[in-house]
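Below: the structure, in C-alpha cells.
The values are calculated or read from the model by the stated rules, or taken from the named source; none is laboratory data. Just so it is clear, the structure is predicted and the values come from calculations on it, not from any experiment. Virtual Cβ from ideal backbone geometry, glycine too; neighbours counted across all protein chains shown.
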Amino acid sequence: MNKLVKKTLITAVLAAAAFALYYNFSLLPGYQDLEKGISDYIITYGLHDTGSLNLITAVLYDYRAFDSLGESTVIFGAVSGIVLILSRKMLPVSSKGLSFIVKRTLGIMTPFIALFGFYVITHGHLSPGGGFQGGVILAAISIIFSIVYGSAFDYRRYSPQTKTVLETGGALTFLVIGLAGIVMEGAFLKNLGFLTAERGTLISAGSIPYINIGVGFKVGAGLAIIFYSMIQKTFEEDF
Amino acid sequence: MLTNLIFIILFMVGFYALIMKTNLIKNVIGLNLMEAAIFFWVISFSDIGGEVSIHKFGETMGKFNDPVPQALTLTGIVIGASTAALLLTLIIELNKFSGTIDRDQIEELND
C-alpha cells in the first residue's frame, strides 16, 4: 500500500513536471528565428575551407577536431575502465558456436561486412559515414566471430593484443596528425593543406580521411574489447 | 509541437524508469531513453526540410539542413554508448559480489 501511494505521488509529480516542461518548450522560438551565424558560415564556406563534401564530417574532424579527440579519449577511458574492472578473468566462455549452415553463410558474408566497414570509414568525407560509424561495423565482425564460431575462434584469429595495438594505433594516428598540424600549419589539428587533392576524389580534404581511418580502427577495436571483456567468465566457472 | 510532445513523453518515461525501477539494468535503459529523447529533439528541431548536408559533387545544392546539431548529436551518441557500457560493467561486477542487481535488495544486504 505504501509503495502504491509512493508510485502514484511520483507519477503525479512527473506529470506536473512534464506539463511545465511542455509549456516552457512551446515558448521557444522556432528554428528559423534563431541566430545561427556559425551554421550559415559552415554551410556557405565549409566545402571551400576543408574540401570535404560531407559537411558533418567537416565539422567533426576539422572545425571541432579537438572535441573529437576528447570524444575518442572518452571511449579510451571507458575501454580502460571496463578492462580494469573485468581484468581478473583471463579465459573466455568456451562456446561451441552455432550450426554448420550459419557458420558457412557467415563465412561468405563476413568479408563483405568488412568491406562495407572500410568503405564507410574511408569515404567519410564524401558520403554519409565516417570513423565512428564504420568502426561500429568493424566491431560487429568480432561479435559475429564470438557468437557464430565460438569465442575461442575469435581469441585465436583476432587476439586481444591485436585489438589493443589497433586501438592504440588509431589514437596515435589522431595525435600524430594533430602534432603535424602544429609543425606544418601552425595550430594543433589544423587541416593539412598540402594533402588536399582535387575535390570529390578519395584522397582529398586534407587530413580528414587519415583521421577517419585512425578513429575507425580505434572505435572498432575499442568496442570489440568491450564486448570481449563482458563475455568473459571466471576461471572456476569454466573448468 | 508534436516534436516537443514526443520529446517530453520519452524523457519522462526514461526519468520514471531511472528513479522508480529497482532493477539497475532498467535504470541504465531509462538513462539511455532520456539521451535518445534529447537527440531526437535536437535533430527534429533543426530539421527545416532541406537537403542532407552533404554536397553532391559537381551540382549546386538547395537549402541544407544544419550540420552543427547533427555533429553534436554524433558526439553525444558516442559518449552515451561509452557510459552505458561502463555502467553495465559495474552492474556485472556488483552482481558477482552481491548476487543481485536489485537496488532494494542491495540496500538490505548493507544493513
Only one of these conditions is not met by B:Met1: (1) under 22 Å from A:Leu28 (Cβ atoms); (2) within 8 Å of chain A (Cβ to nearest Cβ); (3) in contact (Cβ under 8 Å) with a residue 12 or more places away in the chain. Which number is it? (3)
Filter result (in a helix (DSSP H, G or I), out of contact with any helix residue (DSSP H, G or I) (no Cβ under 6 Å at 6 or more places or on another chain) and more than 8 Å from chain A (Cβ to nearest Cβ)) within the range B:59-75: B:Leu72
When only residues in the range A:1-30 that are assigned to a loop (DSSP other than H, G, I, E, B) and surrounded by fewer than 11 Cβ atoms within 10 Å (Cβ to Cβ) count, which is modelled with the highest pLDDT? A:Leu27
Scan of the range B:1-24 for residues that are surrounded by 15 or more Cβ atoms within 10 Å (Cβ to Cβ) and among the hydrophobic types (A, V, I, L, M, F, W, C), ordered by number: B:Phe7, B:Ile8, B:Leu10, B:Phe11, B:Met12, B:Val13, B:Phe15, B:Ala17, B:Leu18, B:Met20, B:Leu24
Could you pull out the residue among A:Ser127, A:Ser229 that is among the hydroxyl-bearing types (Ser, Thr, Tyr), closer than 30 Å to B:Asn95 by Cα, within 14 Å of chain B (Cβ to nearest Cβ) and under 20 Å from the mean Cα position of the chain (by Cα)? A:Ser229
Just for the range B:14-58: of the residues that are more than 10 Å from chain A (Cβ to nearest Cβ) and in a loop (DSSP other than H, G, I, E, B), which one is farthest from B:Thr3 (Cα to Cα)? B:Thr22
From the option list A:Gly51, A:Gly46, A:Gly37, single residue qualifying as more than 29 Å from A:Ile226 (Cβ to Cβ) and touching a residue at least 24 places away in the same chain (Cβ under 8 Å) is A:Gly51
Subset of the range B:76-90, residues farther than 11 Å from A:Ile75 by Cα, among the β-branched types (Val, Ile, Thr) and surrounded by fewer than 20 Cβ atoms within 10 Å (Cβ to Cβ), comes to B:Ile77
Test each condition in (1) over 22 Å from A:Ala20 (Cα atoms); (2) surrounded by 14 or more Cβ atoms within 10 Å (Cβ to Cβ) for B:Glu51 and report the one that comes out false. (2)
Matching residues in the range A:35-64 - criterion: being more than 18 Å from the chain's Cα centre (by Cα), facing another protein chain (nearest Cβ under 10 Å), closer than 25 Å to A:Ile182 by Cα and of a type in the set (S, T, N, Q): A:Ser52
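Can you work out which of the residues in the range A:125-183 that are of a type in the set (Phe, Trp, Tyr) and without any contact (Cβ under 8 Å) to a residue 60 or more places away in the chain is surrounded by the fewest Cβ atoms within 10 Å (Cβ to Cβ)?
Per the criteria, the residue is A:Phe153.
Would you pick out the residues in the range A:31-74 that are of a type in the set (S, T, N, Q) and either in a helix (DSSP H, G or I) or surrounded by fewer than 18 Cβ atoms within 10 Å (Cβ to Cβ) (or both)? Full working, then the answer.
Keep residues of the range A:31-74 that are of a type in the set (S, T, N, Q), which gives A:32, A:39, A:44, A:50, A:52, A:54, A:57, A:68, A:72-73.
Hits for the range A:31-74 are A:Gln32, A:Ser39, A:Thr44, A:Thr50, A:Thr57, A:Ser68, A:Ser72, A:Thr73.
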